[in-house]
1. Can you say whether Leu280 is among the aliphatic types (A, V, I, L, M) and in contact with a His (Cβ under 9 Å, 6 or more places away or on another chain), as far as the supplied structure shows?
2. Can you pull out the residues in segment 187-223 that are of a type in the set (S, T, N, Q) and in contact with a strand residue (DSSP E or B) (Cβ under 8 Å, 6 or more places away or on another chain)?
3. Which residues, taken from segment 33-65, are within 16 Å of the ligand (Cβ to nearest atom), surrounded by fewer than 22 Cβ atoms within 10 Å (Cβ to Cβ) and free of Cβ contacts under 8 Å to residues at least 40 places away in the same chain?
4. I want to confirm something. Restricting to segment 189-234 and keeping residues that are among the small types (Gly, Ala, Ser), out of contact with any Asp or Glu (no Cβ under 9 Å at 6 or more places or on another chain) and in contact (Cβ under 8 Å) with a residue 40 or more places away in the chain, which single residue is nearest to Ala23 (Cα to Cα)?
5. Filter segment 11-32 for residues that are more than 16 Å from the ligand (Cβ to nearest atom) and within 17 Å of the chain's Cα centre (by Cα) and give the result.
6. Looking only at segment 106-155, count how many residues are of a type outside the set (Lys, Arg) and assigned to a loop (DSSP other than H, G, I, E, B).
7. In segment 259-304, what count of residues is obtained for those that are within 20 Å of Gln33 (Cα to Cα) and out of contact with any strand residue (DSSP E or B) (no Cβ under 6 Å at 6 or more places or on another chain)?
8. Would you mention how many residues in segment 293-340 are crowded, with 21+ Cβ neighbours inside 10 Å and part of a loop (DSSP other than H, G, I, E, B)?
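We did not get these values from a lab; they are worked out from the coordinates using the rules stated. Predicted model, so just to flag it, every value in this text is computed and none were measured. Cβ sites come from the backbone with ideal geometry, for glycine too, and all protein chains shown count toward neighbours.
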Amino acid sequence: MNQTFNSVPSLKGLFAADFKIGAAVNPSTIRTQESLLTHHFNSITAENEMKFVSVHPEEQTYTFEAADRLVEFAREHGMAMRGHTLVWHNQTSDWLFRDRQGGTVGKDVLLGRVREHIHAVVGRYKNEIYAWDVVNEAIADEGEALLRTSKWTEIAGPDFIAKAFEYAHEADPQALLFYNDYNESNPQKRDKIYTLVQSLLEQGAPIHGIGLQAHWNLFDPSLDEIRAAIEKYASLGLQLQLTELDVSMFRFEDRRIDLTEPEPGMLEQQAERYEAVFRLLLEYRDVISGVTFWGAADDYTWLDDFPVRGRKNWPFLFDAHHRPKAAFERVAALAAEKRP
Ligand code: GLA
């Protein structure tokens, strides 16, 4: 197989009638992966550049340069842009939760600050960003508690979630607003996400979609679990997007560090897994409006440092030289197959 990424049909073309095909990018990859991105993808997400700490490091300081560059790239190439993310327990500036004496602010101050932040960021990209991950990862992974304990819950209780959606909607009434989370196909967490979103809908919060991060691997989650999650979320009447898809070669518990190339069979296994995943996604194309990978090709992935620092991983459809992998071939064949 000596194909280059641009001698094959584009992913965005193959799935044009189904869902957008996205990639997470940063100011470096829009250069190093530019041709690959523009050939295959019609949507991008900023990997880190729109997170709270990136755009609002101090109360009086907004830093939009890197985010602007990515938005500019999307505009130049006619790509859709997703916004990621407004309210999260990570990568959020500490000043947000502190008063001038170094104590913790009260609920009204926190909500006032976050409203101002959301208006500034969402307002700035009003005509450019069509969908926002408004709240990221608020659900607790373990135990009975619905919400993860964080500064947000400690200061504001559960209300910060509905408020964030209200503020985002005020700032851009056209934007599609998503709740986004990982381990989204785990039955226990799935049910909690469902409960949260259902209660947001009951409160009248302006929420339009659920983002399934989809940080998956060759083995987990099972197709049945993914299907059950899609069905359950879709029953709320919202649209779904896969927002951070990657298929790691390793089980989460597998902490081996010795592989510098995929083991024999791994690429084939990954091809089968991707084919099965996309077959399932196509079944639900009426409710799935976007499939975004958390990167684009194997030369750059956060999985090279997670959960094992410095361990190479190969989670995408394109290899480190941006050549289509077996997984690409299978996904492309599938897209072609369903059209007579
Ligand atoms: C989560 C976040 C992303 C990113 C990934 C890891 O899924 O939503 O912004 O930080 O972790 O890179």
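1. It is false that Leu280 is among the aliphatic types (A, V, I, L, M) and in contact with a His (Cβ under 9 Å, 6 or more places away or on another chain).
2. Hits for segment 187-223 are Gln213, Asn217.
3. If the condition is that a residue be within 16 Å of the ligand (Cβ to nearest atom), surrounded by fewer than 22 Cβ atoms within 10 Å (Cβ to Cβ) and free of Cβ contacts under 8 Å to residues at least 40 places away in the same chain, then Glu49, Ser54 are the ones that fit.
4. Gly209
5. Listed by number, the residues that qualify are Phe19, Lys20, Ile21.
6. 15
7. 6
8. Summing the residues that are crowded, with 21+ Cβ neighbours inside 10 Å and part of a loop (DSSP other than H, G, I, E, B) in segment 293-340 gives 13.
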